[in-house]
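Bear in mind these aren't lab numbers, they're just calculated from the coordinates by the rules spelled out. The shown structure was predicted, so the numbers you read here are calculated from the model rather than taken from an experiment. Cβ placement follows ideal geometry from the backbone for every residue including glycine, while neighbour counts extend to all protein chains displayed.
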Amino acid sequence: MSRPLRIALAVLPLVVLVGLLATFATQMGRSTSFVPSALIDKPVPQFALNAVEGHDQPGFATADLAGNGVVVVNVFASWCVPCRDEHPMLLDLADHDVLLYGINYDDPADNARAFLAELGNPYDRIGADRDRRAGIEWGVYGVPETFVVDNDGVIRFKHVGPLDARSYETVLLPAIETARTPI
């Protein structure tokens, strides 16, 4: 092996390491709750969710998300610890004249009912997504996720991860108000 080739092979790992460090450095400080979605400013996907078995609220479908004003759609599960953390913010939405629909993601009905009985039920409708099909259609990365849908059934906002007091006040509530304003 020639000397220049040996030098190039010896330097290659250092070049790769510097490239990786530069990539990571440019991403530091970026918000991890902002994940771009191809669905923003697009109509909600076609789906239909049955009610959570044994629960007295109806499920919902695509058609239920248009013509009712702004609807917040929250993807949650009983096994999701961050869902418990954001639950007080969802309970507070009742004071903001907005419909809240829940997608119960990959969760046995007994567990979903127990979760809502323990923490309170903020939802106007809850659909069971046991096979995760609706979640795929909505582009869900994981739970919790929250979407704001305008009166025309168009997704205007997506929040990935749990809502906390700060993101609730400074991100979600303004997104709801923006969705109320016709474009």
### Message
How many angstrom lie between the Cα centre of segment 46-70 and the Cα centre of segment 96-158?
### Response
9
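How much of the DSSP beta bridge set in segment 42-180 is antiparallel, as a percent to the nearest 5? Before the final figure, lay out the partial values.
Working: 15 of 26 bridges.
The antiparallel proportion sits near 60 percent.
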### Task
Measure nothing but the geometry: give the 0 to 90° angle between the long axis through the Cα atoms of 81-92 and the longest principal axis through the Cα atoms of the chain, rounded to 10°.
50
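With the radius of gyration and the Kirkwood radius both derived from the Cα set of segment 122-183, what is their ratio Rg to Rh?
0.98
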### In degrees, nearest ten, helix 3-27 long axis to first principal axis of the chain (Cα)
30
### Summary
Percent of all alpha-carbon pairs of segment 42-180 at distances over 25 Å, whole number, is 16
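Taking 8 Å as the Cα distance limit and 6 or more residues as the minimum spacing, I'd like the relative contact order of the chain as a percentage. Walk me through the intermediate numbers first.
Details: 300 pairs, mean separation 51.2, N = 183.
Once divided by the residue count of the chain, the mean separation gives 28 percent.
Under a point-charge model restricted to the Cβ atoms of Lys and Arg (+1) and Asp and Glu (-1), what is the dipole moment magnitude of the chain relative to its Cα centre, in debye to the nearest 20? Don't skip to the end; give the middle numbers.
Numbers: 14 positive and 23 negative charges, 263 e Å.
Here the size comes out at about 1260 debye.
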